[in-house]
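Remarks on the structure that follows.
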There are 2 protein chains.
Amino acid sequence: MSNSINDNESLDPENWEESKALMHKMVDDAFDYVKNVRDRKIWQDMPESVLEQFKTDLPKAPSKAESVYEDLQENVLPYPMGNIHPRFWAWYMGNGTISGVMGDFWASIINPNLGGGNHAGHQVELQVINWIKEIIEFPKTASGLLVSGGSMANFAGLAVARNVKAGYDIRKEGLKENNLVFYGSSEVHSCNTKAIELLGLGTKSLKKIEVNDDYTINIDALKEQIKTDKANGLKPVCVIGTSGTVNTGAIDNLNAIADICKAENLWFHVDGAIGAIAMLSDIVKPQLKGIERADSVALDLHKWLHMPFEAGCVLVKDSKEHKDTFSLIPEYLAKNTRGLASGENWFSEYGLQLSRRFRALKVWMSLKEHGSEKFGRMITKNVNQAFYLKDLINKHQDLELLAPIGLDIVCFRYKPKNLSLEDLNALNKEIKLQLEERAIALPGYTTLKGMYCIRCAISSHRVTNADFDVLITEVLNIGREII
Amino acid sequence: MSNSINDNESLDPENWEESKALMHKMVDDAFDYVKNVRDRKIWQDMPESVLEQFKTDLPKAPSKAESVYEDLQENVLPYPMGNIHPRFWAWYMGNGTISGVMGDFWASIINPNLGGGNHAGHQVELQVINWIKEIIEFPKTASGLLVSGGSMANFAGLAVARNVKAGYDIRKEGLKENNLVFYGSSEVHSCNTKAIELLGLGTKSLKKIEVNDDYTINIDALKEQIKTDKANGLKPVCVIGTSGTVNTGAIDNLNAIADICKAENLWFHVDGAIGAIAMLSDIVKPQLKGIERADSVALDLHKWLHMPFEAGCVLVKDSKEHKDTFSLIPEYLAKNTRGLASGENWFSEYGLQLSRRFRALKVWMSLKEHGSEKFGRMITKNVNQAFYLKDLINKHQDLELLAPIGLDIVCFRYKPKNLSLEDLNALNKEIKLQLEERAIALPGYTTLKGMYCIRCAISSHRVTNADFDVLITEVLNIGREII
């Protein structure tokens, strides 16, 4: 078989001009796709005929790039998730931006591996990390890493916590005793639970502390639990403070947690996937006081910084502790004193990944283009809009706010008189589904104290106040229709 | 402060036509950048003046997108890693492709979150996973997930192995006994060690078995070690077979490992980051016999499938065991029976990440455009080239091959007469560095049995045989110059 191989064949376009023309067409179409996002349905179900297209076997023979593009246009583009639309307020996501797209485009063209080495990509990521340290008010000596998202950022922070606080060489010996304890509120994000499980600690090692009425961690209960655990021979190692819970946007009292961690010699980790980047917003920043005292912080730049997926970030205050958790240099990764393989502190020494995409580039280009103050204004805008929506809800007797506004998250329900809890839950679930199926808006949902909530996580840079007027009008219309 | 906020401000371009024009310019430049890659230096050091550019503080005010692009052109593009160049044979990486760039471009434009939900992106990833199962000859009932790379793919496979074979509910209880044992050869990739550490098992739990002369795992030694460990009260749980070691491309005897795992009731994981995708090559496929018997396989599509970073993949034969390791559904991720939040088996239930980039799209578009057979020919071409290079080495009395050719990896050195081991090592290290600094080629290096090797991992779709003629000529020239 190997005789039929031509050493000049490659995966490069056979005709560069044709390929370039196709890419230009894609750019025109793509820019229009983003620009006209309001004119298309936010979401629609895929018909069976489209679903069938995804069931074909591995393509063995080639196709024209143009026909692959037609396939994309017919079967993929009309059926998006909806999250680039201004009225997507479901799971907490950003919209993406054109500057982010440009950065991602170049990342794929240059295609370096950010695992390590002496090349410009490494400097770009270092600079981006330095900027994020500046935003979070971490010292210059801290370390950081861009990762796939909040799940990995939290995993990394908790891994360092585990290794630093266990009291023995856990990298070599493994978990010798089944007694380490982590703490978070009952609202702590599930990715922390997943991290604890993967780290070998078991869900039983994550003690979930009750919350106050505003869904922030109950500090007294936290203190009490630590005391009880110590009395029972367990070894408390870390408290996870949440800055922006997923249900209601609640921000734990970070300074109070920092005090406890200092007194008890515990690791202080902040899950800031939702809220940490809101340090850029003048109106949110005061609520985040204490974040700068954390030992590690997890952020998600594809949420409120609107980077295209994926862009998470972990910061660790003590760079040595960070590196000591992840650095592992076998023979074939040994460094040189000159050339490409030179340089200290490769990024692969600060996380799980060895090969790493140049995800820093989109952040670098976006922050340079828009400037951090504009990103701050976008965050403030969303917070203002949450209160605008709150006012709309409070004005109407058949609408009920179900939790205090945390950051930009509003939980409410349609509540006409004389309906049981069960009926209200079914009614609001149906309203939420019909909003979606009629392509009006895509709010999320959750359950608080047994009550089904329509939940709006307002993290769109494209949304305007008028969109919430539409939401309220349609919730009432649909609600009345159903009854 | 919030009064100064305009609810109509967004991160979208203020002038769409200007922004589109910039993107068109970027496309022209980027295509030329790839097309003319041979005409530029494969690698060059950054001068101090460029390094200074990366030390500026967080940009608070905006800049024109055009000036950000100038910054990219001046300070980033001229200083690449080198891995898109045909003469990059260092760390094992792919080149990237234009079809991959197009896929990544659209992934950033559409910007869905592949964590879950009922939208076209989910179907695309399902189809890509099905195609990869077809390539690896896994059954249709197997599950899979695209991940950041080989490190995460191996981590995921080993996490399932740990949880399935521990014999108790490790997700809930954590590691109760410090007695689980994993096996791999002494050539097993370091990311597996990192995974074992993060999973809480400790490096002591990864027993490294000696290799044969061809750097494949010694099957008898493996059997012996399992027997010894059991006699000592340890609990063997998993054997990692490597298909393509990083040093020499050696492929373990996968069928022999499968037999042992069957007899001993162990999990059989294949680290196929380098070699598994070579199932597409007629000449390599027979060497991979037995991979279809694995419980889990890790692949890296940004290596020999030339996807732009990142594109790893894990396959697990028993989809329930896979899901049971990762699925975790809190209230706010509860599914609906209709609408966006419907559908079984969300991808976030099969891995660590909740938010996930649409990395499937580039794979989908590339496989459709080129067809799997062409990717197979690209792999075969590289293997042929490894033997072409071997012949060049063997023809010259001052060159010495240092290991059998595994897949596409060639380890050799310049060896003039009458030099000590120490001098030979220093000489070859200097040759390798000067190849790089003179921008001739970028081979890698490793040390085998104490001997410094110039190591060529030939995973470029752009390389031709003539490039190896240049390499050999220049190795001899530089070697003679130094002596």
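Nothing in this text is a laboratory measurement; each read-out follows from the coordinates by a stated rule. Since this is a predicted model, take the numbers as computed values, not measurements. Neighbour counts run over all protein chains shown; Cβ positions are idealised from the backbone, glycine included.
Provide B:Lys317, B:Lys230 in ascending order of the number of other Cβ atoms located within 10 Å of each residue's Cβ, fewest first.
Details: B:Lys317 22, B:Lys230 13.
If I rank by nearby Cβ atoms, fewest first, I get B:Lys230, B:Lys317.
Averaged across A:354-366, how many Cβ atoms of other chains sit within 10 Å of each residue's Cβ atom?
What the average comes to for A:354-366 is 6.
By the scheme Lys and Arg +1, Asp and Glu -1, what is the net charge of all other residues having a beta-carbon under 13 Å from that of A:Leu288? Please list the in-between numbers first.
Numbers: positive: A:Lys285, A:Lys289, A:Arg293; negative: A:Glu137, A:Asp252, A:Asp271, A:Asp282, A:Glu292.
After counting each charged neighbour, the total is -2.
Spin-label point model (7 Å from Cα, Cβ direction): what's the B:Ser49 to A:Glu173 distance in nm?
Roughly 5.6 nm, to one decimal.
What are the residues whose amide H is under 5 Å from the amide H of A:Gly144, where those residues sit 5 or more places off or on another chain and H is modelled from the backbone?
A:Val316
Note down the net charge around A:Asn75, summing +1 for each Lys or Arg and -1 for each Asp or Glu among other residues with Cβ under 13 Å from its Cβ.
-3
Residue by residue through segment B:255-268, what is 3J(HN,Hα) from phi via Karplus (6.51 cos²θ - 1.76 cosθ + 1.60, θ = phi - 60°)? Round to whole Hz and write x for glycine and proline.
Along segment B:255-268, the couplings run 5, 5, 5, 4, 4, 4, 4, 5, 5, 9, 6, 9, 6, 10 Hz.
For B:Glu344 paired with A:Glu210, estimate the spin-label separation in nm (one decimal), with each label point 7 Å from Cα along the Cα-to-Cβ line.
Placing both labels 7 Å along Cα→Cβ, they lie 3.9 nm apart.
Ranking A:Ser185, B:Ser319 by Cβ neighbours within 10 Å, fewest first, what do you get?
B:Ser319, A:Ser185
With each label point set 7 Å from Cα along the Cα-Cβ vector, what nm distance links A:Ser327 and A:Asp39?
Going from the A:Ser327 label point to the A:Asp39 one covers 5.6 nm.
If only Cα atoms are counted, what is the Rg of chain A, and what is its Dmax, in Å?
24.7, 81
Which three extents, in whole angstrom, do the alpha-carbon atoms of the protein assembly as shown cover along their principal axes, largest first?
94, 67, 55
Going by C-beta contacts inside 10 Å, put A:Asp300, A:Asp467, A:Asp7 in order with the fewest on the left. Walk me through the numbers on the way to the answer.
Numbers: A:Asp300 34, A:Asp467 21, A:Asp7 16.
Fewest-to-most Cβ neighbours within 10 Å comes out as A:Asp7, A:Asp467, A:Asp300.
Can you give me the long-range amide H partners of A:His189? Hydrogens built in the peptide plane at 1.01 Å from N, cutoff under 5 Å, separation of 5 or more residues or another chain.
none
Expressed as a fraction of 2.2 N^0.38 Å, the rule-of-thumb size for a compact globular protein of N residues, what is the C-alpha radius of gyration of segment A:150-286?
Working: Rg = 14.5 Å, N = 137, 2.2 N^0.38 = 14.3 Å.
Normalised Cα radius of gyration, segment A:150-286: 1.01.
Taking Cα atoms of segment A:377-482, Rg/Rh with Kirkwood Rh, to two decimals?
With Rh from the inverse mean 1/r over Cα pairs, Rg/Rh is 0.94.
Viscosity 0.890 mPa s, temperature 25 °C: what is the translational diffusion coefficient of segment B:101-371 from Stokes-Einstein with a Kirkwood Rh over Cα pairs, rounded to a whole number of µm²/s?
Details: Rh = 19.0 Å.
After rounding, the answer is 129 µm²/s.
How shielded is B:12-22 by partner chains, expressed as the average number of their Cβ atoms within 10 Å of its Cβ atoms? The partial results should precede the final answer.
On the way: counts 9, 7, 0, 0, 5, 1, 0, 7, 7, 1, 3.
Taking all residues of B:12-22 together, the mean is 4.
Can you give the net charge of the other residues whose Cβ lies under 13 Å from the Cβ of A:Tyr452, counting K and R as +1 and D and E as -1?
For residues surrounding A:Tyr452, the net value is +1.
What aspartates and glutamates does B:Lys133 reach when the alpha-carbon gap must be under 13 Å and sequence neighbours fewer than 8 apart in one chain are set aside?
List returned: A:Asp57, B:Glu125, B:Glu292, B:Asp295, B:Asp318.
What's the average, rounded to a whole number, of partner chain beta-carbon atoms within 10 Å of each residue's beta-carbon in A:147-159?
On the way: counts 2, 12, 8, 3, 8, 6, 0, 1, 3, 1, 0, 0, 3.
Per residue, the average neighbour count from other chains is 4.
Got the relative contact order for segment B:151-234 handy, in percent, Cα pairs under 8 Å and 6 or more residues apart? Provide the component values of the computation, followed by the final result.
Working: 77 pairs, mean separation 24.4, N = 84.
RCO, segment B:151-234: 29 percent.
Say R0 is 25 Å: what FRET efficiency, to the nearest 0.05, do A:Lys64 and B:Asp469 get from their beta-carbon distance?
Efficiency at R0 = 25 Å is approximately 0.10.
Give me the count of lysine pairs in segment B:374-482 whose alpha carbons sit under 26 angstrom apart, restricted to pairs 8 or more positions apart or on different chains.
Close lysine pairs under the 26 Å cut-off: 22.
If each label sits 7 angstrom from Cα along the C-beta direction, how far apart, in nm, is A:Trp16 from its counterparts in the other copies?
The answer, with the shortest distance listed first, is 3.2 nm.
In percent, how large is the relative contact order of segment A:364-478, given Cα pairs closer than 8 Å and 6 or more residues apart?
Working: 138 pairs, mean separation 29.4, N = 115.
Reported relative contact order: 26 percent.
One decimal, nm, shortest first: give the distances between the label point of B:Leu421 and those of the same position in the other copies, each label point 7 Å from Cα along Cα→Cβ.
Once sorted, the set of distances for B:Leu421 reads 7.6 nm.
For B:Ala334, put the label point 7 Å out on the Cα→Cβ axis and report which residues of segment A:396-423 keep their amide N under 13 Å from it.
Zone members listed by number: A:422-423.
Tell me the distances, shortest first, between A:Gln397 and the same position across the other copies, using label points 7 Å along Cα→Cβ, in nm to one decimal.
Spacings between copies for this position, smallest first, are 10.6 nm.
Along the axis that rotates chain B into chain A, which residue of chain B has the nearest beta-carbon, and what is the gap in whole Å?
Nearest Cβ to the rotation axis, residue and whole-Å distance: B:Gly200, 1.
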